[in-house]
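Student: The structure is given below, and queries will be raised subsequently.
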Amino acid sequence: MNVIFSVLFFGASVLFLARNADAYLPALLTGAQKAASVSLSLLASYCIWLGFFRVMEQSGLSEKLARTAEPLCRRLFRTDDREAVKLAAGNLSANLLGLPGAPTPLGIRATERFCAAGNGYGAAMLFVLNATSLQLLPSTVLALRAAAGSSSPADILPATLLSTLLSTLLGMIGVRLFCKRR
């Protein structure tokens, strides 16, 4: 991936320099400034949500939510492994809030447990649910829209909910149809 990005950057730089060499450095600096600003906005958003998850963890709320979701997750992932169910439920709840980086360690550990138990169906279902990522609150997109100066960044909520709901349902149907069950 680094090679691809490097080739694109250098190719675009050569073309830009060939067409308008005087504007190259100002455009490069303006782009870097915007990238830094957006990165800081996303960092602030991630810090808030990761802090929220940490408070949930320490207060025991995440454990209660995992226990509440346990019957559904057992059926969804076809497993009796309580730890895998807990990890998968935490992964899915982070995805529901639109945090792309936060659920990754939980998902990896849940997938390892599914695979160790020979539950390829559960691992496939978790992968599909992560890929389709049903989002009640797409916090990353909202933060990007706010950083870009949108007057109402939350306008996308109904469309996002509908599209991620449909993609998640189609993904679940696909796993049920094409993945071997235990």
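Read the figures in this text as sums done on the coordinates, not as results from a lab. This structure is a prediction, so every number in the text was calculated from the model and none was measured. No Cβ is skipped: glycine too gets one built from the backbone with ideal geometry, and neighbour counts run over all protein chains shown.
Student: Which FRET efficiency value, to the nearest 0.05, is calculated for F178 and T104 with the Förster distance at 25 angstrom and r the Cβ-Cβ distance?
Tutor: Details: r = 25 Å, r/R0 = 0.99.
Efficiency for this residue pair is about 0.50.
Student: So, one more: 222 nm [θ] for the chain, helices only, -39500 (n - 2.57) per DSSP H run of 4+, per residue, to 500?
Tutor: On the way: 8 runs with 146 residues, N = 182.
My calculation for the chain gives -27000 deg cm²/dmol from helical runs alone.
Student: Going by a ≥ b ≥ c, the root eigenvalues of the Cα gyration tensor, does region 37-81 fall in the rounded group (a/c under 1.5), the prolate group (a/b larger than b/c) or the oblate group?
Tutor: Values: a/c = 5.07, a/b = 2.15, b/c = 2.35.
Oblate is the answer for region 37-81, as a/c is 1.5 or above yet b/c matches or exceeds a/b.
Student: Another question about this same structure. Could you size up the charge dipole of the chain around its Cα centre, putting +1 on the beta carbon of Lys and Arg and -1 on that of Asp and Glu, and report it in debye to the nearest 20? Present the calculation step by step, with values, prior to reporting the outcome.
Tutor: Working: 17 positive and 9 negative charges, 127 e Å.
Charge dipole of the chain: 600 debye, to the nearest 20.
Student: State the answer as a single residue: which of N130, L17, A147 lies farthest towards the positive end of the charge dipole of region 2-178, with beta carbon charges of +1 for Lys and Arg and -1 for Asp and Glu, about the Cα centre.
Tutor: Sorting the options by dipole projection puts first N130.
Student: Out of these labelled values of semi-axes √(5λ) of the Cα gyration tensor in Å, (1) 39, 24, 12; (2) 21, 19, 18; (3) 38, 21, 16, which was calculated from the coordinates shown here?
Tutor: Entry (3).
Student: So, by mean Cβ neighbours within 10 angstrom, what's the order for 118-124, 77-83, 157-163 with the highest one leading?
Tutor: On the way: 118-124: 19.7, 77-83: 16.0, 157-163: 13.0.
Final packing ranking: 118-124, 77-83, 157-163.
Student: Here's a follow-up. Looking at the square roots a ≥ b ≥ c of the eigenvalues of the Cα gyration tensor of region 5-52, which shape do they give, rounded for a/c under 1.5, prolate if a/b is larger than b/c, or oblate?
Tutor: On the way: a/c = 7.66, a/b = 2.63, b/c = 2.91.
Verdict is oblate for region 5-52.
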